[in-house]
Amino acid sequence: MTASPPARRGPYAKTAERRSEIIASATAVFSAHGYQGGSLRQIAKQLDLSLTTVMHHFPTKVALLAAVLEQEDAADPDFDVRSRRDGFLPSILAIVRRNLARRELVRMFSIVSAEATYPGHEAHDWLRSRYASVTATYSALIAHDVAVGRLTTDGDPLELAGLVVTGWEGIQIRWLADGTDPVAAMGALLSAVLRPAPAA
């Protein structure tokens, strides 16, 4: 009895794999050159592909940027559940620790976010929407932890959430620039701003 030939990957699997490769390359290029300085041609060259092949999957640089940003937003779909279960502070610090292995992605996000503060930038609306969404989520989770006694702060949850988001982005930039320990810095920020309850 002869062995069956190995199953071939279908066209959808190959397409998904190629898209993932392009998104990863775009992350590297945007990290090094920013969105404005990066190009589809650079991304194609890095992957040893033709520009036509890259544009088959992402017809414009805007479409590719959107894919990179959407991938980042979808990277942690269970954060809300984990935070309510384990606490807001440890859940945030877990992401900071995870980001230690994603330096290139953090750099890309920091550069693109800075560029997108300009109202005419292609990612400007995305950035504003992301800030609003993340701040609202963090506000609800902070309020939850205050209600169950994990945090002792009496500040407005929405204002505190904004401070956490702003402080986190600044800490990430310090880490990228001079190696400041982001986990220690974020832990100190969260403790000062949110005042965790003493351990029982």
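The values are calculated or read from the model by the stated rules, or taken from the named source; none is laboratory data. Treat the numbers as computed from the prediction; the structure is a model and nothing was measured. Here the Cβ positions follow ideal geometry from the backbone for every residue, glycine too, while neighbour counts run over all protein chains shown. Each accessible area value is taken on the protein alone, full model and side chains, heavy atoms only, with ligands, DNA and RNA left out. Shrake-Rupley method; radii C 1.70, N 1.55, O 1.52, S 1.80 Å.
Worth pointing out:
- Some residue of the stretch 171-180 being under 27 Å from T27 (Cβ atoms) and part of a loop (DSSP other than H, G, I, E, B): yes
- Cβ pairs under 9 Å, 6+ apart, first in the stretch 176-200 and closer than 23 Å to V106 by Cβ and touching a residue at least 40 places away in the same chain (Cβ under 8 Å), second among the aliphatic types (A, V, I, L, M) and in a strand (DSSP E or B): L194/L151
- Scanning the stretch 147-173 for residues that are farther than 26 Å from M108 by Cβ and in contact with a Pro (Cβ under 7 Å, 6 or more places away or on another chain) turns up R150, L151.
- Residue match in the stretch 44-63 (condition: loosely packed, with under 14 Cβ neighbours inside 10 Å and either under 13 Å from the mean Cα position of the chain (by Cα) or under 30 Å from G149 (Cα atoms) (or both)): no
- Scan of the stretch 100-119 for residues that are within 13 Å of the chain's Cα centre (by Cα) and either on the phi > 0 side of the Ramachandran plot or in a helix (DSSP H, G or I) (or both), ordered by number: R103, E104, L105, V106, R107, M108, F109, S110, I111, V112, S113
- Looking across the stretch 11-38, the residues that are of a type in the set (S, T, Y) and either touching a residue at least 60 places away in the same chain (Cβ under 8 Å) or touching a helix residue (DSSP H, G or I) at 6+ places or on another chain (Cβ under 7 Å) (or both) come down to S25, T27, S31, Y35.
- Scanning the stretch 149-200 for residues that are at positive phi and open to solvent by 60 Å² or more (accessible area, probe 1.4 Å) yields a single hit, R195.
- With a requirement of 1 or more residues that are among the charged types (D, E, K, R), the helices (runs of 4 or more DSSP H) lying completely within the stretch 36-99 that satisfy it span 40-47, 61-73, 79-86, 88-99.
- Residue in the stretch 125-148 that is buried (at least 17 other Cβ atoms within 10 Å of the Cβ), farther than 21 Å from F30 by Cα and among the charged types (D, E, K, R) present: yes
- Residue within the stretch 151-166 that is touching a Phe, Trp or Tyr at 6+ places or on another chain (Cβ under 7 Å), without any contact (Cβ under 8 Å) to a residue 12 or more places away in the chain and either closer than 25 Å to Y35 by Cβ or assigned to a loop (DSSP other than H, G, I, E, B) (or both) present: no
- Cross-chain or 6+ apart pairs with Cβ under 6 Å, the stretch 57-79 first and in contact (Cβ under 8 Å) with a residue 24 or more places away in the chain, then in a loop (DSSP other than H, G, I, E, B) and open to solvent by 10 Å² or more (accessible area, probe 1.4 Å): V62/E122
- Scanning the stretch 184-200 for residues that are under 12 Å from L89 (Cβ atoms) and assigned to a helix (DSSP H, G or I) turns up M186, G187, A188, L189, L190, S191, A192, V193, L194.
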